[in-house]
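Input: a single structure, listed below in structure tokens.
The values are calculated or read from the model by the stated rules, or taken from the named source; none is laboratory data. Computed from a predicted structure; not experimentally measured. Heads up, the Cβs are rebuilt from the backbone with ideal geometry, glycines too, and the neighbour counts pull from every protein chain shown.
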């Protein structure tokens, strides 16, 4: 008998297990299968961990917001243009006493636009009215004038807004005298140099005058006369604009605000008794977010690997039972 025939005969005469033995093996496999009760799986763990991390992070954020102090400062009006200098703060800013404010001296060799603002607190509405008259008198004594007045001295509280035009060489004395009318609660000064703009206009006038000299030396025709007239009009217009700019810059604009309302005191919300607990919850929340962000992919991969291993094991058990 050949070898292939022998193998075929052995396969055909393979002994079969009795039905009782097969049933016994199935019972053993069924008993070995873990019960399908409520177990902690990766899905349930994520379902519980994500809301818990969100709650901890929310508590930490609230705690951090309450832990930081807030301040209600006195508002000041600042518009920092080119080459602007702020007034140096004095002891009067805190409401203790008035000292002479430090104002940069204007440069007499430069064309500068100077604007300053001064906020004063006075005791009552009568002081608002009296100080308004005194401010106008100070401006006139220094060679200036009041450009606009807006006074409200009725009722318990009063206020006034006064815009003064002061010769720039006297602006330091004006600020010093006006600051003595009340308690300084805010101050600001702005100096803008426009010398380059004025010089550019002067250079343009010089070029036009040279062109005018050239055209005046030509044969005087109707077209040449029209051209000369247009150049003369342009020169006159530029001269008027340059003179107006220089004249406006020779006066400083000083805005004075008087009020009877006291400056609000800074409110400091200090640390509460639960500040340490809030800080701890905040760091716990940050740690939970990092753990969740870094560990979630690993948990997902581990769960997938466990499902694959379980499926392979069940497949092998089924093959074993079917073969037996």
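Some notes on this structure:
- Among residues of segment 180-196, those that are surrounded by 12 or more Cβ atoms within 10 Å (Cβ to Cβ) and either closer than 16 Å to residue 110 by Cα or free of Cβ contacts under 8 Å to residues at least 60 places away in the same chain (or both), counted: 6
- Residue match in segment 193-204 (condition: closer than 22 Å to residue 135 by Cβ and either assigned by TED's automatic domain parsing to the domain that holds residue 135 or at pLDDT 90 or above (or both)): no
- Residue in segment 209-217 that is under 30 Å from residue 151 (Cα atoms), in contact with a helix residue (DSSP H, G or I) (Cβ under 8 Å, 6 or more places away or on another chain) and either surrounded by 11 or more Cβ atoms within 10 Å (Cβ to Cβ) or at pLDDT below 80 (or both) present: no
- Some residue of segment 239-255 being at pLDDT 90 or above, surrounded by fewer than 18 Cβ atoms within 10 Å (Cβ to Cβ), touching a strand residue (DSSP E or B) at 6+ places or on another chain (Cβ under 6 Å) and in the same structural domain as residue 108 (by TED's automatic domain parsing): yes
- Subset tally (residues that are part of a strand (DSSP E or B) and without any contact (Cβ under 8 Å) to a residue 40 or more places away in the chain) for segment 139-154: 7
- Screening 163, 59, 74 for residues that are farther than 16 Å from residue 180 by Cα, out of contact with any helix residue (DSSP H, G or I) (no Cβ under 8 Å at 6 or more places or on another chain) and modelled with pLDDT under 90 leaves exactly one candidate, 74.
- Top-ranked residue in segment 123-138 [being touching a strand residue (DSSP E or B) at 6+ places or on another chain (Cβ under 9 Å) and free of Cβ contacts under 8 Å to residues at least 60 places away in the same chain; ranked as nearest to residue 167 (Cα to Cα)]: 138
- Complete set of residues in segment 155-169 that are surrounded by fewer than 19 Cβ atoms within 10 Å (Cβ to Cβ) and either part of a helix (DSSP H, G or I) or on the phi > 0 side of the Ramachandran plot (or both): 155, 169
- Residue 174 in the same structural domain as residue 142 (by TED's automatic domain parsing), in a helix (DSSP H, G or I), crowded, with 18+ Cβ neighbours inside 10 Å and touching a strand residue (DSSP E or B) at 6+ places or on another chain (Cβ under 7 Å): yes
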